[in-house]
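Enquirer: Handing you this structure, nothing more for now.
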Amino acid sequence: MSGGSNLNSVFYADSYHPIQAGSIDATDVLPHDNAIYRAHLCNSAALYDPFGDPKLLGDPYCTLFVSRLNHQTTEHTLRKAMSKYGRVKNLRLVRHIVTGASRGYAFVEFETERDMRRAFKDAHHSIIDDSEIIVDYNRQQLMPGWIPRRLGGGLGGKKESGQLRFGGRERPFRAPLRPIPYDDLKRLGIPPPPEGKYMSRYQVPSPPRRERNIADREEVSHKSRSEDRDGQLSKSSPVNREEQYHKRRSMDREKRSRRDSEERGKYYVERTSMDRLDYSSRSVERDEHHYNRKSIDKDVSHKRSYNNREEQRSHKRHKSHQSERSTGS
């Protein structure tokens, strides 16, 4: 690659390393300012947790980072501007914890990943309240090794600050013009430049895509198969189309009837088990009632027999007293 083409060739960081981010061509092996050194310490000692912020809510794959906002821009104005690209689900304009003033950046969560990608493509360098904004994907949660600006990391920056960070959308890495120190980069865990695979300045890689699990893949393949089947159905002749339509209708009816019969069988089993439990509980209650009734009847009969015996004894005593009195007179 010639020197002239090298000047117009760039590449972007897939993961974050503070020393690399401080280098214009990603070949530095030493931090060149104190902020990078501080960020490198945070990275090496794992002092920063990108998921530890309790205010981070929502889907990171649907969230857009918006910066360089006018400090007078409100949530309502920003929501209205972002709604041009899709439905906004949630919005957080970052404010100073003490004064409540805007910090000039925000996080915008869209309803779908497609809307976020549309805003990522079209909202970059748009104007809101006379300020040219820049947008990026949610690197805090999606970029491995990320260190924020407040800890010496971040991306972009202005020349006046003297703390430029490279590898992002606004300031990509330039293709190296000097030999690449592969051994030193490997020792520090810094990925080397992709020699021979550079991009032009007008090319920007898409945001990271969500990894699909097996269920999502099966659903997509099933949907594509059904679409292919419908496409073949529409291309066939009218007679074949009608036959296939009736065949699909009959198959759908069979599936529906089979599903209904399975549901009825489940309902019958559940109802039978419930009736059996209800019957057993009733029989237990009936037996308890019968036992209680028998014990009560037994007690009553016992009391009656006892009373009868007492009456007979008192009657005998009374008769014997009478006979004794009659004899004595």
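The values are calculated or read from the model by the stated rules, or taken from the named source; none is laboratory data. Computed from a predicted model, the values in this text were never measured in an experiment. A quick note on method: Cβ atoms are made from the backbone with ideal geometry, for glycine too, and the neighbour counts reach across all protein chains shown. With ligands, DNA and RNA removed, areas are computed over all heavy atoms of the protein, side chains included. Shrake-Rupley method; radii C 1.70, N 1.55, O 1.52, S 1.80 Å.
Enquirer: Applying the selection to the stretch 72-88, what residues are farther than 11 Å from residue 109 by Cα and among the aliphatic types (A, V, I, L, M)?
Expert: Passing the criteria: 78, 81.
Enquirer: Given the conditions (1) at pLDDT below 90; (2) closer than 30 Å to residue 111 by Cβ; (3) of a type outside the set (D, E, K, R), and given that residue 46 satisfies all but one, which numbered condition is not satisfied?
Expert: Only one criterion in (1) at pLDDT below 90; (2) closer than 30 Å to residue 111 by Cβ; (3) of a type outside the set (D, E, K, R) is unmet by residue 46, namely (2).
Enquirer: Looking for something in a loop (DSSP other than H, G, I, E, B), of a type outside the set (Asp, Glu), at pLDDT below 70 and surrounded by 12 or more Cβ atoms within 10 Å (Cβ to Cβ) - is there at least one such residue anywhere in the stretch 209-231?
Expert: no
Enquirer: Please indicate, with yes or no, whether at least one residue in the stretch 28-41 is closer than 16 Å to residue 141 by Cα, modelled with pLDDT under 95, open to solvent by less than 90 Å² (accessible area, probe 1.4 Å) and in contact with a Pro (Cβ under 9 Å, 6 or more places away or on another chain).
Expert: Among the residues of the stretch 28-41, not one is closer than 16 Å to residue 141 by Cα, modelled with pLDDT under 95, open to solvent by less than 90 Å² (accessible area, probe 1.4 Å) and in contact with a Pro (Cβ under 9 Å, 6 or more places away or on another chain), which makes the answer no.
Enquirer: Restricting attention to the stretch 176-195, does a residue exist that is in a loop (DSSP other than H, G, I, E, B), in contact with an Asp or Glu (Cβ under 9 Å, 6 or more places away or on another chain) and within 30 Å of residue 79 (Cα to Cα)?
Expert: no
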